[in-house]
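Heads up: the structure comes next, in structure tokens.
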Amino acid sequence: MASDFLFRTEDFRRDEVLEYYVKGVADDKVIDALLGRTPAVLEGSRGVGKSFLMRVAEQRLRQDFAVKRIMPVYVTFAVATLISNPTPEKFRAWMMSRIAASFLKSASEFGLALRVGSSLDRLANRDQSGVSVMERLAVDYENSWRNEGADPDLAEAPDPELFLEALQEFSEENNLTRTIILIDEAAHVFIPAQQREFFTLMRSLRSAYLAVKAAVYPGVTSFGEYFQPQHDATFVSVDRNVSDPEYREQLREIVFKQAPELISDIKRNGQVFDVLAYAATGNPRILLKTMQTMSKINTASAELIFRNYYREEIWSEHSLLADKYPGHEPLISWGRRFIEQEVLPALYARNLRNPGATSSYLWIHRDAPAAVKESLRLLCYSGILQEGTAGIKATRSEIGTRYILNLGCQFSLDSSPIKFGASIMDSLSLKRMIEYGAKHPFYGSLVEDESLAFSQPNASVQEQLGRSLNVLDLSDFMRTAMGSVGLRTIGDVLKADVGVLKAAPYIGPVRASRMHNAAHAAVYEYLSG
């Protein structure tokens, strides 16, 4: 196919973003959160459009600046992927220098004055080459991490509290309503220890004059002991729902915007395109990538997509996460086995038996082992699963979370994926979900693998296992109960089984099981990547 699709937001010029934006109800809600006064965290799988929506929000703020006086500051921490093990102090100083440099750049673009002699004015001082103090400091840190220079002076980096004071003064002098800092490539490019530092900083950078927005992936984000996700920010899912009435037209419009020459071909082969759009399960990047490999839009070319991408490549990408997050390797491997060996065959067989009410949904009991839930979140990171609504009632009024399995993976099981996919997407039912209870037999192998993974942890994991369980997000009652049976550290919590917790006062079997899962869920954010 001749079309050269743009997969990443970085490929678009800033002035092109609004031209390529396809308005959707769900997307507009995300942008509203980005434009609002409170901190926000965008959560979604790779390729669903987090970065693009941030750029859309930035451009809207730029257009409305003269009236609303809200200044956008776009920051990216992508360079962190090239940095090896900075100390926490250096890392915090680097983040602040990057934020301050981006803020000063935006102020200059909007023609806002820095009062001579003010704190921000001193940060903006430039050398003979035109580089500001903050820009130089950020580069010096990056070079020092690559062993290309001496360590910069930590004292040069702005303190968060002093930065907020200077920002308030600057806002009042320039009649600014507030500043919105949009941090793309945020926590998901850092190792877990760096993620925790980032969210601690994000919590510190909050005032009536400043709101920080950040984008993260599901499943691999560590928030730390100070940042409380439900209290310190609004969380917004960026995943698109295939059940939305506007879904087909929105995905078509995304392609039409980039490749108008394909409009007639897509309309002639509407069913083929729609099956490919549903196969992507709300992920525009997956749709564009798969279409890029097609020689033409027809059934034969589309069926190659299902054989090559949905049977092989998407799974290879998920398995490769173990190289980036070796501490999670048992969770990654088990998740693939669970979907390929258990969930996919079950859903496929059910849909063949009941073509009038099809499904790609699975339901996991709220009391399933914490390791199972973490494994599923990693599958969400890869785009194989999409987490739906929590608190859903299933058989016997049990409560759990509903997920949708990537439709392309299911379509690829059939010898005629286009025909089979069309039957699925036209009769998809939220009520027809496969249920997995709190003690499903398939969970057993993960529990065994998990214990092996922690039996000989590497040095970074060992350091975390030795920390007090007080750093975990647990209730006072749970901490007291665990202390009464001799659990003092994170490592103690991981080694203890449900039987140990049952020995605590006022703890019965059901409560012990839930405490065990809650404790494990709190521990996972400390796992080394």
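The values are calculated or read from the model by the stated rules, or taken from the named source; none is laboratory data. Note that the structure is a prediction, hence the values are computed from the model and not measured. FYI the Cβ positions are ideal-geometry reconstructions off the backbone, even for glycines, and counts take in every protein chain you see. SASA here: full protein model, heavy atoms, side chains in, ligands and nucleic acids out. Shrake-Rupley method; radii C 1.70, N 1.55, O 1.52, S 1.80 Å.
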*Could you say whether any residue in the stretch 102-119 is modelled with pLDDT under 90 and crowded, with 22+ Cβ neighbours inside 10 Å?*
no
*Is the stretch 211-220 home to any residue that is among the charged types (D, E, K, R) and part of a helix (DSSP H, G or I)?*
no
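Condition check ((1) open to solvent by 10 Å² or more (accessible area, probe 1.4 Å); (2) closer than 30 Å to Thr200 by Cβ) across all residues:
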{"site": "Ala233", "(1), (2)": "yes, yes"}
{"site": "Glu246", "(1), (2)": "yes, no"}
{"site": "Ala279", "(1), (2)": "no, no"}
{"site": "Met291", "(1), (2)": "no, no"}
{"site": "Met294", "(1), (2)": "no, no"}
*Any pair with Cβ under 7 angstrom, 6 or more apart, that starts in the stretch 423-443 at a residue that is over 20 Å from Ile399 (Cβ atoms) and ends at one that is of a type outside the set (Asp, Glu) and open to solvent by 50 Å² or more (accessible area, probe 1.4 Å)*: Ser423/Pro355; Ser427/Pro355; Ser427/Gly356; Leu428/Ser243
_Hits in the stretch 254-270 (condition: in contact with a Ser or Thr (Cβ under 9 Å, 6 or more places away or on another chain) and polar (S, T, N, Q))_ = Gln258, Asn269
*Options Tyr403, Tyr361; residue that is touching a Lys or Arg at 6+ places or on another chain (Cβ under 6 Å), under 20 Å from Gly44 (Cβ atoms) and in contact (Cβ under 8 Å) with a residue 12 or more places away in the chain*: Tyr361
*Is one or more of the residues making up the stretch 222-230 without any contact (Cβ under 8 Å) to a residue 12 or more places away in the chain and within 30 Å of Gly335 (Cα to Cα)?*
yes
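So which of Glu312, Glu374, Glu329 ends up being of a type in the set (D, E, K, R), open to solvent by less than 30 Å² (accessible area, probe 1.4 Å) and either modelled with pLDDT under 90 or over 20 Å from the mean Cα position of the chain (by Cα) (or both)?
Numbers: Glu312 fails: open to solvent by less than 30 Å² (accessible area, probe 1.4 Å); Glu329 fails: open to solvent by less than 30 Å² (accessible area, probe 1.4 Å).
Unique residue meeting the criteria: Glu374.
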*Hey, which of the helices (runs of 4 or more DSSP H) in the stretch 1-97, taking only ones fully inside, have at least 2 residues that are modelled with pLDDT of 95 or more?*
25-35, 50-63, 65-68
*Only residues that are closer than 30 Å to Pro39 by Cβ, touching a helix residue (DSSP H, G or I) at 6+ places or on another chain (Cβ under 8 Å) and not basic (Lys, Arg): list them for the stretch 240-270, please.*
Asn241, Val242, Asp244, Glu246, Tyr247, Ile254
_Leading residue by the ranking (nearest to Ser97 (Cα to Cα)) among those in the stretch 131-152 that are modelled with pLDDT of 75 or more and not hydrophobic (A, V, I, L, M, F, W, C)_ = Glu135
_Checking Ser301 against (1) small (Gly, Ala, Ser); (2) over 19 Å from Asn406 (Cα atoms); (3) in contact with a helix residue (DSSP H, G or I) (Cβ under 8 Å, 6 or more places away or on another chain); (4) open to solvent by less than 30 Å² (accessible area, probe 1.4 Å): exactly one of these is not met. Which one?_
(3)
*For the stretch 13-24, state whether one or more residues are open to solvent by 10 Å² or more (accessible area, probe 1.4 Å) and within 19 Å of the chain's Cα centre (by Cα).*
no
*Taking the stretch 390-401 as the search range and keeping residues that are among the β-branched types (Val, Ile, Thr) and farther than 20 Å from Ser243 by Cα, which one is least open to solvent (accessible area, probe 1.4 Å)?*
Ile399
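If I ask for residues that are in contact (Cβ under 8 Å) with a residue 24 or more places away in the chain and either open to solvent by 50 Å² or more (accessible area, probe 1.4 Å) or over 16 Å from Thr281 (Cβ atoms) (or both), which ones from the stretch 379-389 would you list?
Going through the stretch 379-389, the residues in contact (Cβ under 8 Å) with a residue 24 or more places away in the chain turn out to be 379-388.
Of everything in the stretch 379-389, just one residue is in contact (Cβ under 8 Å) with a residue 24 or more places away in the chain and either open to solvent by 50 Å² or more (accessible area, probe 1.4 Å) or over 16 Å from Thr281 (Cβ atoms) (or both), namely Glu387.
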*Of residues in the stretch 41-76 being among the β-branched types (Val, Ile, Thr) and over 21 Å from the mean Cα position of the chain (by Cα), the one nearest to Tyr217 (Cα to Cα)*: Ile70
*Within the stretch 359-366, can one find any residue that is assigned to a loop (DSSP other than H, G, I, E, B), modelled with pLDDT under 90 and open to solvent by 10 Å² or more (accessible area, probe 1.4 Å)?*
no
*Check Ala300, Ala277 and return the single one that is within 16 Å of Arg252 (Cα to Cα), without any contact (Cβ under 8 Å) to a residue 40 or more places away in the chain and small (Gly, Ala, Ser).*
Ala277
